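Throughout, read-outs are computed from the coordinates displayed, never taken from laboratory work. For clarity, every value in this text was computed on a predicted model and none was experimentally measured. Neighbour counts run over all protein chains shown; Cβ positions are idealised from the backbone, glycine included.
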Amino acid sequence: QVRLVESGGGLVQAGGSLRLSCAASRGIVTPSVMGWYRQAPGEQRELVAQVQRGGSSQYADSVKGRFTISRDYTKSTVDLQADRLKPEDTATYYCYAVYVGKPYWGQGTQVTVSS
């Protein structure tokens, strides 16, 4: 069973920064994809950023230039550096990892950006 543990959420003022971290318990097999989704109240869950095993990354248009995803393959961790945060970034952020075609999710961490 894969377990993903997130940390780093919180309350921040607009223009501030947060760093979200996620560690996967299954360290023997490397996930093909690791990344972050987010879900605001009343909204659908949306992709924020993800990084493939080969190193290529993708970002939502709304966070390009402000968020940076990084991955440590030896530790099966993925971090999300979120800078210049906006109130519309407020959401629950979920870490996810794909092992052999199956996605696994963390429990979520709340990010609240005040105006």
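Per-residue 3J(HN,Hα) values for region 76-84, derived from phi via the Karplus relation 6.51 cos²θ - 1.76 cosθ + 1.60 with θ = phi - 60°, read 6, 10, 9, 10, 10, 8, 10, 10, 6 Hz in sequence order (x marks Gly and Pro).
Compared with the direct C-alpha span, the chain from residue 52 to residue 66 gains 3.1 nm at full extension, assuming 0.36 nm per residue.
Other residues within the sphere of radius under 11 Å centred on the Cβ of residue 110, judged by their own Cβ, net out at 0 (K and R +1, D and E -1). Remark on residue 90: its backbone amide H falls under 5 Å from those of 113, a criterion applied only to residues 5 or more positions apart or on other chains, H modelled at 1.01 Å from N.
How far apart, in nm, are the 7 Å Cα→Cβ label points at residue 11 and residue 73? The modelled label-to-label distance comes out at 4.1 nm. Within the straight-line cut-off of under 12 Å between alpha carbons, the aspartates and glutamates reachable from residue 64 are 83, sequence neighbours fewer than 8 places apart in one chain being disregarded.
For region 5-22, backbone phi angles converted through the Karplus equation (6.51, -1.76, 1.60; θ = phi - 60°) give residue-by-residue couplings of 10, 9, 8, x, x, x, 9, 9, 7, 4, x, x, 9, 9, 10, 9, 10, 9 Hz, Gly and Pro being listed as x.
Under 5 Å between amide hydrogens, built in the peptide plane, is the criterion, and for residue 16 it picks out 85 among residues at least 5 positions away or on other chains.
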